[in-house]
1. Just name the residue that is nearest to Ala19 (Cα to Cα) out of those in the range 263-314 that are assigned to a loop (DSSP other than H, G, I, E, B) and of a type in the set (S, T, N, Q).
2. Is there any pair linking a residue in the range 61-77 that is modelled with pLDDT of 95 or more to one that is exposed (fewer than 13 other Cβ atoms within 10 Å of the Cβ), with Cβ under 9 Å and at least six apart or on different chains, and which?
3. Consider Tyr265 carefully, then state whether it is in the same structural domain as Thr145 (by TED's automatic domain parsing), aromatic (Phe, Trp, Tyr) and out of contact with any Lys or Arg (no Cβ under 8 Å at 6 or more places or on another chain).
4. Could you please find all residues in the range 199-211 being in contact with a Gly (Cβ under 8 Å, 6 or more places away or on another chain) and either under 18 Å from Ala170 (Cβ atoms) or not in a loop (DSSP other than H, G, I, E, B) (or both)?
5. Do you know which residues across the range 7-48 are surrounded by fewer than 22 Cβ atoms within 10 Å (Cβ to Cβ), within 23 Å of Val174 (Cα to Cα) and either at pLDDT 95 or above or under 16 Å from the mean Cα position of the chain (by Cα) (or both)?
6. Only residues that are under 17 Å from Ser122 (Cβ atoms) and not charged (D, E, K, R): list them for the range 317-341, please.
7. Can you tell me which of Leu254, Leu180 is in contact with a strand residue (DSSP E or B) (Cβ under 8 Å, 6 or more places away or on another chain), surrounded by 18 or more Cβ atoms within 10 Å (Cβ to Cβ) and either modelled with pLDDT of 95 or more or in a loop (DSSP other than H, G, I, E, B) (or both)?
8. Given Met267, Met232, which one is surrounded by fewer than 21 Cβ atoms within 10 Å (Cβ to Cβ) and either among the β-branched types (Val, Ile, Thr) or in contact with a Pro (Cβ under 8 Å, 6 or more places away or on another chain) (or both)?
Amino acid sequence: MSEKDTLILAIESSCDETAASVVKNGRCVLSNIISSQIAIHTLYGGVVPEIASRKHIEKINQVVEAALKEADVTLDDIDAIGVTYGPGLVGALLVGVAEAKAIAYAKKKPLVGVHHIEGHVSANYIEHPDLEPPFLCEIISGGHTHLVIVKDYGSFEILGRTRDDAAGEAFDKVARAIGLGYPGGPKIDKLAKEGNPHAIDFPRAHMEDAPYDFSFSGVKSAVLNHLNKCRMTGEPIVEADIAASFQQAVVDVLVDNAIRAAKDYHMDRLAIAGGVASNGALRAAMEAACEKEGIRFYRPSPIFCTDNAAMIGVAAYYEYRKGTRHGWDLNAVPNLKLGER
């Protein structure tokens, strides 16, 4: 490694993945270790915060050691420690924050707290060396649906956000209603391939007063009403058609809002991020829409869409370059808003 290389050790524990990564110069991922808890939480139909916290405590040292080993570096080689401090589950976040603070204190390294959503946006930089701000980004996950202009590294103008359920939350609730279980997103994506996306006309919510905002509680309720009607009238419930039609309704809104904003703000580059950005139907529809409008489309590989520490390492690198440093009073902030420090 050259003299000027900057190495970040990053830690992510905001939900049910315990992750650590070593990132070089903000774009090169030397290691990306993820310990997932999906198998445990599937038993309960969703993430149980107390169990998530305990599992993070069990796994955190192991993933950090594995990340250093895979990157072939020691803590002495690291320039700074980056960690997600919000938003997320407070108990889960606290485990990562405590680990990062302990390492930073023991090794006298700078501590850089990272906003989880900023991490998701930053995932796009890993595989797209040509992508630099400004650009438009739609962040779509289990807890968040945001449409933002990335003005600079770590600097955002929020154009739209969800009024109620996040897109991923709606996927999970609909998956549960039709008996697919947890996690809902990948299961609906898979089942929808067997169904007709035009079989049922589920609603697409558009806000007159805020054209870039989202609302997914209506389409979720429409699916539940459809299921109830079928059960009451004895109509057959075709799960694949329901999954495909629901997914199509959500994808249409996500694509329409993003393309409208790109045109209105004259943005010729559009990125997606977050767990739902790994959805096959969304990726294909967004790519087709961007191609039609002459917009360059960016998306991370699926492994960098779901929660991981590599994206936190990338975000931490740019925060570190800007001079962001946190003290030993850094705490978990479960409801941290984008743009807050």
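The values are calculated or read from the model by the stated rules, or taken from the named source; none is laboratory data. All values reported here derive from a predicted model rather than from experimental measurement. Ideal geometry is used to build each Cβ from the backbone, glycine not excepted, and the neighbour counts take in all protein chains shown.
1. Looking only at the range 263-314, we keep the residues that are assigned to a loop (DSSP other than H, G, I, E, B), and these are 265-268, 274, 279, 294-295, 299-301, 306-309.
Filter once more, keeping what is of a type in the set (S, T, N, Q): 279, 301, 306, 308.
Numbers: Asn279: 22, Ser301: 17, Thr306: 11, Asn308: 6 Å.
So, considering only residues that are assigned to a loop (DSSP other than H, G, I, E, B) and of a type in the set (S, T, N, Q), the one nearest to Ala19 (Cα to Cα) is Asn308.
2. Leu68/Thr74; Val73/Met1; Leu75/Ala106; Asp77/Met1
3. Values: in the same structural domain as Thr145 (by TED's automatic domain parsing): yes; aromatic (Phe, Trp, Tyr): yes; out of contact with any Lys or Arg (no Cβ under 8 Å at 6 or more places or on another chain): yes.
Here the answer is yes, as Tyr265 does meet what is asked.
4. Kept after step one, since they are in contact with a Gly (Cβ under 8 Å, 6 or more places away or on another chain), are these residues of the range 199-211: 203, 205, 210-211.
Within the range 199-211, Pro203, Ala205 qualify.
5. Matches in the range 7-48: Ser36, Ile38, Val47.
6. Of everything in the range 317-341, those that are under 17 Å from Ser122 (Cβ atoms) and not charged (D, E, K, R) turn out to be Tyr317, Tyr318, Tyr320, Thr324, Leu336, Leu338, Gly339.
7. Numbers: Leu180 fails: in contact with a strand residue (DSSP E or B) (Cβ under 8 Å, 6 or more places away or on another chain).
After applying the criteria, what remains is Leu254.
8. On the way: Met232 fails: either among the β-branched types (Val, Ile, Thr) or in contact with a Pro (Cβ under 8 Å, 6 or more places away or on another chain) (or both).
After ruling out the rest, the residue left standing is Met267.
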